Amino acid sequence: MLSITEIKELLATPQKIVITTHHKPDGDAMGSSLGLYAYLIQLGHHVKVITPTDYPQFLHWLPNNSDVIIYADETERAAKFVSEAALIFCLDFNTLNRINELGELVRASEAYKLMIDHHLEPEDFDDYRHWSINACAAAQLVYDFIVNELKDGAMINKDIATCLYTGIMTDSGSFRFESANAAVYRIAADLIDAGAEHWRIHQLVYDNATENRLRFLGHCISNKLEILREYNTAIISVTKQELNEYKIATGDTEGIVNYALSINGIKLAAFIIERSDKVKLSLRSTGDFPANEICKKYFDGGGHRNAAGGVSSKDLPTTVADFKNILKEYKTQLLQ
Ligand code: 5GP
Ligand code: MN
């Protein structure tokens, strides 16, 4: 393992650095990555942010977004940067299968691997770890890494602040989850002081949807929502055909599951969606109910206690039926 002193020494001279994050990156994945990017380029490093796949349009306004390389689109170019890197930062994920094929390239690389993450059960592939499951976002840990580990808080400029604020805002449900404690609000205040325009960031992320997205949301709530009162559970499942009908793009389905959870008494909400090659599940829960346990045990996935995901190789109706069956096992907890 690298010590923070060794990292400081490495960062004292210009290095080739890759920052990567999980597939289908969300606001925290992109915010933490581009926040760290804006910091490292200030220090004079040669930095590339490489994402395994594309990400939602509502994140494309982030500072330095045009410098991001999408591995799925520019495989060879991305692979070259990974093989030449001296340091690889792994942000907002902790198992290499979360970055698809890129994972094997990272594993094979001789670069130092630095993990900054807030998910459970990290895989042992890293040379340095700034990790806490108590952090509300990877962006919070990037802030902490720069300010408290590297003692370089003076370098936090408007770009860094904007990106890190975005990560914290999106992963904390706009500061409403339990993880958004007083320390998080203090960090947010610090980022606003450093130039993050909180009102503008919120608008760009949340009031930036297509008409189709809103109509699709209406369809999901009016026609697809199933409430299982006997399990305090709500399910929304959608077919590939429905996604095509509403021209649903990457990111357009994000957040829909929260509407199901907003119903009085609902403890568990599932958004189950038919993708081209698999069925994807997105679970949200309230209180102590472990949504991640269901994902880990039955759907080859995981995540946080109250926000988790997984996949099924069965068809959509079978996956929904499987899910309903699994609820029996959790009935007592769901009715508590
Ligand atoms: P979402 O429902 O927004 O896709 O994912 C919520 C959270 O669940 C993510 O932040 C991530 O921690 C976790 N998650 C989602 N999908 C998967 C998956 O396929 N595998 C694992 N291990 N975690 C997932
Ligand atoms: Mn995150």
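If ASP92 meets every condition in (1) at positive phi; (2) more than 16 Å from ligand 2 (Cβ to nearest atom); (3) not polar (S, T, N, Q) apart from one, which number is that one?
Just one mismatch for ASP92, condition (2).
Could you count how many residues in the range 129-138 are in contact with a Phe, Trp or Tyr (Cβ under 9 Å, 6 or more places away or on another chain) and more than 13 Å from ligand 1 (Cβ to nearest atom)?
Residues flagged as in contact with a Phe, Trp or Tyr (Cβ under 9 Å, 6 or more places away or on another chain) and more than 13 Å from ligand 1 (Cβ to nearest atom) within the range 129-138 amount to 1.
Within the range 156-178, how many residues turn out to be at pLDDT 95 or above, away from ligand 2 (no atom under 15 Å from the Cβ) and assigned to a loop (DSSP other than H, G, I, E, B)?
Of the residues in that region, 2 qualify.
Scan the range 25-40 and report the pairs whose first residue is in the same structural domain as ASN97 (by TED's automatic domain parsing) and whose second residue is open to solvent by less than 10 Å² (accessible area, probe 1.4 Å) and charged (D, E, K, R), with Cβ atoms within less than 7 Å and a gap of 6+ or a chain change.
ASP28/ASP92; ALA29/ASP92; SER32/ASP92
Would you mind listing the strands (runs of 3 or more DSSP E) fully within the range 228-336 where at least 1 residues are under 20 Å from PHE177 (Cβ atoms) and touching a Phe, Trp or Tyr at 6+ places or on another chain (Cβ under 7 Å)?
Passing ranges, in order: 268-274, 279-285.
Which of the residues spanning the range 249-292 are surrounded by 17 or more Cβ atoms within 10 Å (Cβ to Cβ), among the acidic types (Asp, Glu) and free of Cβ contacts under 8 Å to residues at least 60 places away in the same chain?
Hit for the range 249-292 is GLU274, nothing else.
Can you list the helices (runs of 4 or more DSSP H) found entirely within the range 1-86 that contain at least 1 residues being in contact with an Asp or Glu (Cβ under 8 Å, 6 or more places away or on another chain), open to solvent by less than 40 Å² (accessible area, probe 1.4 Å) and within 16 Å of ligand 1 (Cβ to nearest atom)? Steps first, answer last, please.
Working: elements: 4-10, 27-42, 75-84.
Per the criteria, 27-42.
The values are calculated or read from the model by the stated rules, or taken from the named source; none is laboratory data. None of these values were measured; they are calculated from a predicted model. No Cβ is skipped: glycine too gets one built from the backbone with ideal geometry, and neighbour counts run over all protein chains shown. Please note that ligands, DNA and RNA were not included when accessible areas were found on the heavy atoms of the full protein model with its side chains. Shrake-Rupley method; radii C 1.70, N 1.55, O 1.52, S 1.80 Å.
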